[in-house]
Amino acid sequence: MRENEFTRLRGEKVLLVPYERHHVQKYHGWMESDELRQLTASERLSLEEEYSMQRKWRESPDKCTFIILDRERYEQASNQDAVQREI
């Protein structure tokens, strides 16, 4: 992932961003779903194991793991953050 650590893929409605540490808690919550784990052939992990997995994926030279975001919501949140930093 190191090679692509700053890559963002922007579509009309979605944004793909690298899977970062701050995504882990929300991702872990999603992966509590039996159905989602079955559909993704994933195993249930503890939160600590999920943080460890994120680090491994992030540091691996042969992995490129992204989180899909709603582009409009992401850009609105980014704009709000920018305004708050200016105040």
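The values are calculated or read from the model by the stated rules, or taken from the named source; none is laboratory data. Predicted model only: the values in this text are computed from it and were never measured. Virtual Cβ from ideal backbone geometry, glycine too; neighbours counted across all protein chains shown. Heads up: the accessible areas ignore ligands, DNA and RNA and are worked out on the full protein's heavy atoms, side chains in. Shrake-Rupley method; radii C 1.70, N 1.55, O 1.52, S 1.80 Å.
Points to keep in mind about this one:
- Enumeration of residues in segment 47-65 that are open to solvent by 50 Å² or more (accessible area, probe 1.4 Å) and either aromatic (Phe, Trp, Tyr) or within 26 Å of residue 10 (Cα to Cα) (or both): 53, 55, 56, 57, 59, 61, 62, 63, 64
- Candidates 85, 44, 73 - the one that is of a type in the set (Lys, Arg), at pLDDT 95 or above and open to solvent by 60 Å² or more (accessible area, probe 1.4 Å): 44
- Residue check for residue 9: surrounded by 13 or more Cβ atoms within 10 Å (Cβ to Cβ) and in contact with a strand residue (DSSP E or B) (Cβ under 8 Å, 6 or more places away or on another chain): no
- Pick from segment 17-41, criterion open to solvent by 90 Å² or more (accessible area, probe 1.4 Å) and of a type in the set (S, T, N, Q), ranking: nearest to residue 74 (Cα to Cα): 25
- If you go through segment 11-52 and keep only what is within 11 Å of residue 69 (Cβ to Cβ) and among the polar types (S, T, N, Q), you end up with nothing.
- Any chance residue 1 is among the aliphatic types (A, V, I, L, M), surrounded by 12 or more Cβ atoms within 10 Å (Cβ to Cβ) and at pLDDT below 90: yes
- Of all residues in segment 1-22, those that are of a type outside the set (Val, Ile, Thr) have Cβ atoms under 9 Å from Cβ atoms of residues that are surrounded by fewer than 10 Cβ atoms within 10 Å (Cβ to Cβ), 6 or more apart or on another chain, in 1/61; 1/62; 2/61; 3/61; 18/6.
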